[in-house]
Amino acid sequence: MKLFRRPDNLTRMNRMAKAVGLDLNAEAEQGRLSPAEVRLASHRCGECSGTLECRIWLQAREDQAAEPPGYCPNAALYKGLKAGG
């Protein structure tokens, strides 16, 4: 378990969402994403062991991806939101 979370969890999480065509703020405003879900997703992101791979994947994105990489701990969340709920 990491004792110190990286301060960029939310930034990385939002970049990943944007890369797959989601706007987490809009999802929250529409009631499809609760504050508790955002906190849990941020925690999962902070605990992820693929931070370097994630940064590389995000930097390499020149277009929108159909889905997040398989190692993303929030992949199911993003896929669920994209599917409409």
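The values are calculated or read from the model by the stated rules, or taken from the named source; none is laboratory data. Note that the structure is predicted; figures quoted are calculated from it, not measured. Note: ideal-geometry Cβ built from the backbone for every residue, glycine included; neighbour counts use all protein chains shown.
Observations on the structure shown:
- Selected residue (criterion: farthest from residue 11 (Cα to Cα)) from residues of region 40-79 that are at pLDDT 95 or above and either more than 12 Å from the chain's Cα centre (by Cα) or small (Gly, Ala, Ser) (or both): 76
- Of the residues making up region 12-48, those that are part of a loop (DSSP other than H, G, I, E, B) and either closer than 13 Å to residue 82 by Cβ or without any contact (Cβ under 8 Å) to a residue 12 or more places away in the chain (or both) number 9.
- Flag for residue 72 being buried (at least 18 other Cβ atoms within 10 Å of the Cβ), without any contact (Cβ under 8 Å) to a residue 60 or more places away in the chain, outside any helix (DSSP H, G or I) and not small (Gly, Ala, Ser): yes
- Looking only at region 15-65, and only at residues there that are among the polar types (S, T, N, Q) and surrounded by 13 or more Cβ atoms within 10 Å (Cβ to Cβ), the one that is nearest to residue 76 (Cα to Cα): 42
- Checking residue 67 against (1) free of Cβ contacts under 8 Å to residues at least 24 places away in the same chain; (2) outside any helix (DSSP H, G or I); (3) of a type in the set (Asp, Glu), the condition it does not meet: (1)
- Scanning region 1-37 for residues that are modelled with pLDDT of 90 or more and aliphatic (A, V, I, L, M) yields 13, 16, 17, 19, 20, 22, 24, 26, 28, 33, 36.
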